[in-house]
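Novice: Have a look at the structure that comes next, please.
The values are calculated or read from the model by the stated rules, or taken from the named source; none is laboratory data. All figures in this text were calculated on a predicted structure; none of them were measured in a lab. Neighbour counts are summed over all protein chains in view; Cβ atoms, including those assigned to glycine, are modelled from backbone coordinates with ideal geometry. Calculation scope for accessible area: heavy atoms of the full protein, side chains included, ligands and nucleic acids excluded. Shrake-Rupley method; radii C 1.70, N 1.55, O 1.52, S 1.80 Å.
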Amino acid sequence: VARFITPFAFLALVPLGAWLGGAFTVVAAAATPVCLASMDAFLGEDTAEPGRFDSPMPRWLPRAYVVLQLAVTAWAAAWASRASTTFPEAAGLAVSVGLTTGVFGFLAAHELIHSRKPSERALGLMMLAGVFYMHFRIAHVYGHHRRAATSEDAATARLGEGLYAFLIRTLCGQFREAWTFEAERRRRRGNAVVGAGNRMVQYLAIEAALLIVVALLSWRALIFLVAVAAIAVVLLEGFNYVAHYGLLRRVGP
C-alpha cells in the first residue's frame, strides 16, 4: 500500500510552496515529474500481483485523495485571491495545483466514477466538478469503454494526428458524445431530452453555479480555478493522446 500514498506527499508540497512563497510555489509542479521518473528508474518494474490486498485501505485511498485535493484547491484559490499574493506566485500555484489535479486527482476520480457505490461515484463527480469536466464520466464510461481504439472514439488519437488537433477534437467530441448518450437514454425512457432528469443538464447547472458563486466571491479566485481546470484537463487528455495514439481495433459484427 505504501507505494500508493506518494500522491499525498506531492499534494502536501502545494501549501508548503505557497507558505515559502516566490518561486517555491512551483515546487509541486517541478517535483512531481522529476520524482516520479526517478522512482521509476530506481524502483524498476512493479512485479506485485494486482488485485490482491489484505486490507480495505486501497479503497479509501482515492476517496481520501479526492477530499484532500478539493480542500487544497479551495485553499489555494483563497490564497491566490489575496491582495498580497503576486501574479507570479498565483500563476506558480495554479500550475502546481493543476498538475497534481491532472495527474493524481483525475486518477482518483477515474477509479471512483467506475465504482458501483453511489457514494464513491458522487465523490468522483465532485472531483470532476472542481475542474468543470463532469461530462467526462458519461463520455468515458459509456463512450470510450465501448469504442476505444476505433474511429468512433473521441478519446483515441488517430495515427498521424497532432496533439493540438486531438485536443480540439476530443474536447468537443466527448462533450457531444456525452450529450448524445444522455439524450438517447432519455428518449428510451419516454422522457423529454431537456429536463431535470438529464444528467448533462444537472452537470452544467452545477458547474455554472460553481462559477457564479466563485465569481461573486472573488474574480481572482475564479481566474485561478479556471486556470487550474485548463491545466488539469490538458494533462488528462495529453495522457489519453499518448496512451491510445494510433491504436485501431478490428470491428466485427
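Novice: Quick check on segment 141-150. Is at least one of its residues open to solvent by 30 Å² or more (accessible area, probe 1.4 Å) and of a type in the set (A, V, I, L, M)?
Specialist: Within segment 141-150 (the criterion being open to solvent by 30 Å² or more (accessible area, probe 1.4 Å) and of a type in the set (A, V, I, L, M)), the answer is yes, since at least one residue qualifies.
Novice: So, one more: Being more than 16 Å from Gly238 (Cα to Cα) and touching a helix residue (DSSP H, G or I) at 6+ places or on another chain (Cβ under 9 Å) is the filter here, so list the residues in segment 132-148 that pass it.
Specialist: Phe132, Met134, His135, Arg137, Ile138, Ala139, Val141, Tyr142, Gly143, Arg147, listed by residue number.
Novice: Of the residues Val97, Val34, only one is of a type in the set (A, V, I, L, M) and closer than 18 Å to Ala221 by Cα; which?
Specialist: Val97
Novice: Enumerate the helices (runs of 4 or more DSSP H) found wholly within segment 151-253, keeping only those where 2 or more residues are out of contact with any helix residue (DSSP H, G or I) (no Cβ under 6 Å at 6 or more places or on another chain), open to solvent by 40 Å² or more (accessible area, probe 1.4 Å) and of a type outside the set (A, V, I, L, M).
Specialist: 163-188, 219-244
Novice: Looking at Ala28, Ala76, Ala71, Ala94, can you tell me which residue is at pLDDT 90 or above and open to solvent by 30 Å² or more (accessible area, probe 1.4 Å)?
Specialist: Only one candidate qualifies: Ala71.
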